[in-house]
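Undergrad: Before I ask anything, let me first share the structure, which is written out below as structure tokens.
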Amino acid sequence: MKKALFFLYALLFSCTVIAQITYKKIESKKLNTTRQLKIKLPKNYDPESNLKHPVIVVFDGDYLFEPVVGQVAFQTYFDEIPKSIIVGIVQSKDRNYDTFCDEVSGLPIETGARFYEFIAQELIPYIDNNYNTSKFRVAIGHNTMGNFINSFLFKAEPLFQAYINLSPDFKGNLNTNLVSRLEWLKNDVFYYLATCDKDIKYINEIVHETNAQLNTVNNKSLTYYFDEFKGDNHYTMVTGALSNAFDKIFEIYKPLDEKELKEKVLTYEGTLDVYMVKRQKRIEDLFGIYKPITEEEFEKVVNIAEQREDLESLQQIGKLASKLDPESSLGTYYLALYAEKIGKTKKAVKLYELALELDMKSFIDREMILSRVESLKYVAEDYQEED
Amino acid sequence: MKKIIYSFILIVSLQFLNAQVIYEPFESSKLGETREIKIQLPRNYDPEDKFEYPLIIVLDGDYLFEPMIGNVDYQSYWGEMPKCVVVGINQSSSREDDFFYDKEIYFPAHNGALFFEFLGKELIPYIESMYNVSEFRIVVGHDLSANFLNFYLFKTLPLFRAYVSFSPELAPEMQNRLHERLSDVTTDMFYYLATAENDVKKLHNSISELNTSLSTIDNPLFHYRYDNFEDTNHYSLVGLGIPKAMNQIFELYKPININEYKEKVLIYPEGPYKYLEKKYKDIEGFYGFKKKVVENDLRAIASASKKIGDMESLRELSKLAKKEYPNSMISAYYQGLYHEYNGNIKKAINYYQSGLLLDESDYIEKDDLLDKIYELKE
């Protein structure tokens with residue numbers, strides 16, 4: 001491990017309670033100096049686990065790291081976004097060197113180019129080697145660091161998959177080059193851009209100009225969002241923008257909500273288990289993480305199936321739930337429901353009884369199943385008597 | 001001037017190591033049990049310092065505390081609000097009990113009454129005994145806790161000066177009671193209320209009714225802001241609401257911006273320095289805690305004094321700079337500046353030189369002083 005990281009030497013500053021922020025120093029050959037990092041791991045992070053986490057890199061970590069940590073903690077609490085690893089880079093007085101760029105292209109040169117290489121060739125490999133990271137990376141930059149993060153997009157395979165540009169101070173003709181670059185993008189990229197009505201005037205103007213051009217980009221690989229905050233200035237707009245940006249970037253990661261159920265699930269052509277599997281696959285492809293389908297989600301989809309009078313979906317969802325978690329009674333329960341609905345009463349009773357033996361989950365009422373079984377048994381007996 | 005005020009200056013604060021959250025079990029005799037408390041002190045908090053910080057109490061601290069401290073740290077870094085002591089109370093396992101109110105009279109009862117007292121009679125006195133906090137207190141809540149925090153308003157002397165209520169699940173009668181109470185508050189009160197387009201429907205409707213009612217209140221001491229966020233739900237409204245609430249509460253506190261400079265500082269009849277004096281006196285009167293004069297404002301006043309040729313204002317300013325920042329280049333710079341513009345070049349050079357050994361500030365570095373010295377020596 002150490003050999004693989006021969007160019008890096010990290011010093012642990014303080015590592016106290018879990019969920020606290022860790023301060024580390026990283027020695028950089030590219031920069032020929034040490035840099036201060038702030039790192040926040042997800043709550044209950046387990047290095048032995050197979051669970052992978054997106055990485056959020058925060059430039060100007062001196063002041064931008066803490067609000068990102070706060071916002072991520074909040075959205076993670078409600079499982080609106082995946083548990084992520086947040087890395088802040090303290091730049092303080094090096095900022096002017098780090099952002100040094102060509103006047104015409106706006107791309108990093110000299111000290112700026114070295115900082116770029118530090119990120120791409122030292123920092124990211126270091127994080128990937130030391131933590132359970134997924135392939136999904138987010139870059140956050142404000143002001144001139146907003147300009148800087150765009151330079152990663154000009155590589156054939158961009159280092160970051162999501163870019164949060166907070167009132168970026170675009171240099172040279174970087175913004176116009178960016179627009180033409182995004183036309184030809186092959187990998188999926190999220191691009192979030194924000195300004196505010198009380199922003200620094202020339203920044204507000206150039207951001208609007210860029211927004212107008214970005215709106216004309218017609219490329220399925222690009223997901224683009226823009227915000228202009230009212231009543232905020234260059235600084236106060238940042239935290240609200242972070243909230244919106246995470247909300248949008250991780251939109252498809254969120255638990256199924258009313259809107260999706262109504263607009264997408266209800267109208268889906270095909271059985272609903274396919275919808276759920278595809279949804280899960282999309283999350284995995286995009287964020288590099290496997291997200292289990294929750295019981296609440298299964299329950300919601302089953303309700304929709306009932307609403308559509310779609311017995312086939314009910315059966316398939318039952319099979320899917322049993323396959324994904326054989327220990328749980330959920331799938332068996334749905335299969336029982338299916339058997340009951342198509343009139344296979346005996347089979348239904350068996351399945352209900354089987355469900356009762358399996359691990360009972362919170363929202364299925366044990367009493368309800370029991371009474372259902374009882375009434376079905378009578379029905380079955382009645383049939384037998386008639387026979 | 002515009003360039004000066006808007007120039008992007010990074011405040012160098014390398015001592016962030018003590019910015020960790022303190023997790024503490026708090027034994028409450030009122031509740032007869034132990035509660036998890038989270039405390040975040042300002043960066044570089046010094047217990048010996050006499051400075052008093054506003055206190056922010058965060059209910060539902062399990063999930064509301066982190067975004068709150070993130071915002072406070074960020075906004076105060078840029079001087080948009082003061083540094084604060086933030087205290088969160090974890091309630092995930094007890095929130096239904098804690099926020100219980102009587103189903104006939106709609107005021108806290110049973111466990112709810114105990115929790116009400118715990119906050120006012122145990123927790124806050126404890127925080128006051130441990131840390132330098134001012135009497136300017138803010139309370140923040142979401143959903144059930146956002147309803148509960150309103151009960152504190154009905155005391156004769158309310159415990160909090162600012163109430164931040166994110167998508168409250170309002171108790172019956174709350175709307176009428178709030179309207180009546182807030183119409184005749186006798187001290188400045190801040191009230192922030194937020195909902196969202198995709199909020200829980202029932203909540204959204206009652207909150208928007210409450211807003212209609214509160215909007216009609218005509219009381220200059222009642223400071224009110226309401227937001228209904230687009231394309232946002234019951235949870236995502238919090239991230240947007242926190243900065244709006246803080247900006248509303250601390251509007252008067254903010255550094256001088258370009259509009260204030262043009263519309264107020266330049267035309268103040270008694271001169272720019274007197275304006276500064278008044279501004280800081282107002283802040284103290286309004287919030288009940290002192291604000292240290294920030295460098296941004298010194299620059300604005302110096303610039304205005306130069307522009308209108310008010311030497312007396314510049315002289316007063318240099319005295320203030322010396323008093324507020326004795327060990328910083330700031331004091332030397334403004335004294336030098338005064339003498340330079342007053343035509344006393346020799347004295348000016350002396351002052352600029354005396355600053356070379358002092359600490360650099362956000363705006364003034366060694367090179368700035370050297371530039372001044374070379375310029376004057378030519």
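Values quoted throughout were computed directly from the atomic coordinates according to the rules given, and no laboratory measurement underlies them. Only a predicted model underlies this, so the values are computations on that prediction, with no experimental measurement involved. Please note: Cβ atoms are built from the backbone with ideal geometry, for glycine as well, and neighbour counts cover all protein chains shown.
Undergrad: Can you put B:T34, A:T111, B:T216 in order of Cβ neighbours within 10 angstrom, beginning with the fewest?
TA: Numbers: B:T34 11, A:T111 16, B:T216 8.
In increasing order of surrounding Cβ atoms, one gets B:T216, B:T34, A:T111.
Undergrad: Still on this structure, I have one more. Based on DSSP loop calls and a cut-off of at most 10 other Cβ atoms within 10 Å, the longest stretch of chain A free of exposed GluC sites (Glu not before Pro) is what?
TA: On the way: sites that count: A:E48, A:E103, A:E269, A:E309, A:E327.
For GluC sites (Glu not before Pro) (loop position, at most 10 other Cβ atoms within 10 Å), the longest site-free span of chain A is A:104-268.
Undergrad: Averaged over A:54-61, how many beta carbons belonging to a partner chain fall within 10 Å of each residue's beta carbon? Please report the intermediate quantities before stating the final value.
TA: Numbers: counts 0, 0, 0, 0, 0, 0, 1, 1.
Mean shielding by partner chains, rounded to a whole number: 0.
Undergrad: Let me ask something additional. Please give the Cα centre distance for segment B:134-164 versus segment A:280-323, rounded to the nearest Å.
TA: For segment B:134-164 versus segment A:280-323, the Cα centre distance is 43 Å.
Undergrad: Give a quick list of chymotrypsin sites (Phe, Trp or Tyr not before Pro) in segment B:20-73 that DSSP marks as loop, anything other than H, G, I, E or B, with at most 16 other Cβ atoms within 10 Å. List each step's numbers first, then the result.
TA: Values: sites: B:Y23, B:F26, B:Y45, B:F51, B:Y63, B:F65; in loops: B:Y45, B:F51.
Here the sparse-neighbourhood loop sites are B:Y45, B:F51.
Undergrad: Only helical DSSP H runs with n ≥ 4 go in: add -39500 (n - 2.57) per run for chain A, normalise by residue count and round the 222 nm mean residue ellipticity to 500 deg cm²/dmol. List each step's numbers first, then the result.
TA: Values: 14 runs with 167 residues, N = 387.
Roughly -13500 deg cm²/dmol at 222 nm, from the helical runs in chain A.
Undergrad: Enumerate the whole-percent occupancy of each 10 Å bin, from 0 to the last occupied one, for all C-alpha pair distances of segment B:258-377.
TA: So the P(r) values, bin by bin, are 14, 44, 32, 9, 1.
Undergrad: In straight Cα distance, which lysines are under 23 Å from B:K201, not counting same-chain residues fewer than 8 positions off?
TA: Those lysines meeting the cut-off are A:K248, A:K254, A:K259, A:K262, A:K264, A:K300, B:K103, B:K244.
Undergrad: Zone of B:K290 (label point 7 Å along Cα→Cβ, backbone N under 15 Å): which residues in segment B:43-85?
TA: From segment B:43-85, the list is B:48-54.
Undergrad: Another one. Over segment B:2-249, what is the percentage of antiparallel beta bridges among all DSSP beta bridges, to the nearest 5? Don't skip to the answer; put the middle values down first.
TA: Values: 12 of 40 bridges.
Antiparallel bridges make up about 30 percent of those DSSP assigns within segment B:2-249.
Undergrad: Here's another thing I want to ask about it. What's the angle, to the nearest 10 degrees (0 to 90), between helix A:311-324's Cα axis and the longest principal axis of chain A?
TA: Its long axis makes an angle of about 60 degrees.
Undergrad: While we're looking at this one, here's another question. Taking the Cα atoms only, what angle lies between the long axis of helix A:201-214 and the longest principal axis of chain A, rounded to 10 degrees?
TA: Rounded to the nearest ten degrees, it is 50.
Undergrad: To make sure I understand, if each residue's beta carbon is the centre and we count other beta carbons within 10 Å, what order do A:Y224, B:Y192 fall in, fewest to most?
TA: Values: A:Y224 16, B:Y192 24.
Ordered by Cβ neighbours within 10 Å, fewest first: A:Y224, B:Y192.
Undergrad: Per residue of chain B, what 222 nm ellipticity follows from adding -39500 (n - 2.57) for every DSSP H run with n ≥ 4, rounded to the nearest 500?
TA: Result for chain B: -13000 deg cm²/dmol, rounded to the nearest 500.
Undergrad: Something else: On a 0 to 90 degree scale, rounded to 10, what angle separates helix A:174-183 from the longest Cα axis of chain A?
TA: 30
Undergrad: Please report, in Å, the Rg and the Dmax of chain A, where both are computed over Cα atoms only.
TA: Reported Rg and Dmax, both Å: 26.0, 91.
Undergrad: If you take the alpha carbon radius of gyration of segment B:142-207 and divide it by 2.2 N^0.38 Å, what ratio comes out, to two decimals?
TA: Values: Rg = 11.8 Å, N = 66, 2.2 N^0.38 = 10.8 Å.
Segment B:142-207 yields a ratio of 1.10.
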